[in-house]
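One structure is given here, and the rest of the page talks about it.
Values quoted throughout were computed directly from the atomic coordinates according to the rules given, and no laboratory measurement underlies them. Source: prediction; values computed, not measured. Note that each Cβ is placed from the backbone with ideal geometry, even for glycine, and that neighbours are counted across all protein chains shown.
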Amino acid sequence: MAGWGAPIDPSRPAYISYKTMLEAGRQLEIIERGAAEVISRGELLKKLERGIPLRVKAGFDPTAPDIHIGHTVLLEKMRQFQELGHEVIFLIGDFTGMIGDPSGKSEMRRPLTREEVAKNAATYKAQIFRILDADKTRIEFNSSWMAGMKAGEFVRLTGNYTVARMLEREDFRQRFHNQNPIGIHEFLYPLIQGYDSVFLRADIELGGTDQKFNLIVGRELQKSYGQEPQGIVLMPLLEGLDGVKKMSKSLGNYIGITEPAPNMFGKVMSVSDDLMLRYFTLLSRISNDELVRLREGVKTGAVHPMEAKMNLALELTERYHGREESLKARAEFEQVFRKKELPDEIPVHKLSWEEAVMWLPRILKLSGLAPSTGEAQRLIRQGGVKINGQRVSDPEAKLPKGDYILAVGKRRFVKIEPAN
């Protein structure tokens, strides 16, 4: 660790060897696509006009083991920066992950253990290269500089911000007003995230709109260290399949990047026409010009929304499963949804029957069609479960031991066979 006020300046990697870069205005047009806010546009344009690779940082706390396409909004923007010739740093906040990001929280968040952080970080690393170029991605862990910071240096770091400034954050202000506890360690989170930008000498930081306060702290800390403040590109939080709430596994409105190709394809096809256009903006790799033509075509009726959605589903499924699997998923979708037939291949689950008759919600859970018996009951009550093609409505239903084809919604099928 260099002395206070002189953070280590990591050398730029050798792979940045671009002789020419796109004109700055054209780069900015690509960068601004889908962005909720750029801070500030003029500063960012000046950085781009220098014609040299910029250091672009995005931080991820390893709080969840699996990535859904909502997470990939930031990753896609990072990929765009890579293709424009800039240096991308995927920062895993293993140190801050043990504090717990308080953003948007109404109460203290349980810090992760070191073991949880390490496990989740490994999963992140295994998944991000489905999107980013592994040869042009620099991975850093903020524990590598934070864990070695001396107590005196850390105290001086905290002196760069006041409690009053921290309480300007909406979530902190609300908790203070409602007399809900705020841990001192929670005030440290944005300071440490900001110091990451100082240490890495970030030119640009990417983040979701919920991270705006933290990213601005990074700008202000850089000024305190005598550095040029980083530009900020804030990306929106992607709505889930319901088109209303943020995509979340806990809400069940997500599309996981590791789930089977038919499921992914079918879920994309289930979104509304309006949400489809938003997904095109934030997730598709069609050009800005193509996006404008698509929007106009849907508006005028020249492009049928179903066909546009089919193209989006094919693009996203191919990205994570390859061309062959995406084409098979499309064919299966057309067979099931347009011809109202069962898919050619239905996964078989060998079920160990605990007794001669078993509770249906438990069967759905054991077969992987529902994460819990409570969720299975909800699906049954909503009419989303079929047995051998017949809808079932009784959440207390029981099945005798035997072979069944179970369906949840229009996309998920499992053939149950007794294992004993």
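Normalised by the residues of the stretch 24-235, what does the relative contact order come to in percent, with Cα pairs under 8 Å and at least six apart? Contact order relative to length: 27 percent.
The charge dipole of the chain, taken about its Cα centre with unit charges on the Cβ atoms of Lys, Arg (+1), Asp and Glu (-1) only, comes to about 320 debye.
Ordered by the number of other Cβ atoms lying within 10 Å of each residue's own Cβ, fewest first, 199, 213 fall into the sequence 213, 199. Net length available on complete extension from residue 210 to residue 307 is 31.6 nm, with 0.36 nm assigned per residue and the Cα-Cα distance removed.
The loop-placed trypsin sites (Lys or Arg not before Pro) in the stretch 329-390, going by DSSP, that have at most 10 neighbouring Cβ atoms within 10 Å of their Cβ come out as 339, 340. Selection among 187, 157, 232 by position relative to the dipole of the chain gives 187 as farthest towards the positive end (Cβ unit charges, Cα centre).
Computed from label points 7 Å out along Cα-Cβ, the spacing between residue 274 and residue 299 is 1.6 nm.
As a proxy for reagent exposure, ranking 317, 158 by other Cβ atoms within 10 Å from fewest up yields 158, 317. Between beta-carbons, use under 12 Å as the cut-off and find the net charge around residue 318, counting Lys and Arg +1, Asp and Glu -1. Residues close to residue 318 contribute a combined charge of +3. Neighbour counts of C-beta atoms inside 10 Å place 248, 197, 143 in the sequence 248, 143, 197, starting with the fewest. The residues packed around residue 275, meaning those with a beta-carbon under 11 Å from its beta-carbon, carry a net charge of -2 if Lys and Arg are +1 and Asp and Glu are -1. Computed from the Cβ-Cβ distance with R0 of 51 Å, the FRET efficiency linking residue 288 to residue 398 stands at 0.35. The distance separating the Cα centre of the stretch 316-394 from that of the stretch 248-287 comes to 18 Å. Set the Cα radius of gyration of the stretch 24-235 against 2.2 N^0.38 Å, with N its number of residues, and you get 1.00.
At full extension, residue 122 and residue 179 could sit 16.7 nm farther apart than now, given 0.36 nm per residue minus the alpha carbon distance.
Helical runs assigned H by DSSP (4 residues or longer) give the chain a calculated mean residue ellipticity at 222 nm of -12500 deg cm²/dmol, each run adding -39500 (n - 2.57) before division by the residue total. Pairwise alpha-carbon distances in the stretch 347-420 exceed 19 Å for 22% of all pairs.
Straightening the chain between residue 45 and residue 342 buys 101.6 nm, computed as 0.36 nm per residue apart minus the Cα-Cα spacing. Let me know the charge dipole size of the stretch 261-338 about its Cα centre in debye, to the nearest 20, where only the beta-carbon of Lys, Arg (+1) and Asp, Glu (-1) is charged. I would put it at about 100 debye.
When the Cα positions of 402, 283, 86 are compared along the charge dipole of the chain, 402 comes out farthest toward the positive end, with charges on each C-beta of Lys, Arg, Asp and Glu.
Over all Cα pairs of the chain, how is the pair count split among 10 Å bins, expressed in % and running from 0 up to the last occupied bin? It works out to 4, 19, 26, 23, 16, 9, 3, 0, in whole percents. About its Cα centre, the stretch 24-235 has a charge dipole of approximately 260 debye under the convention of +1 per Lys or Arg Cβ and -1 per Asp or Glu Cβ, with nothing else charged.
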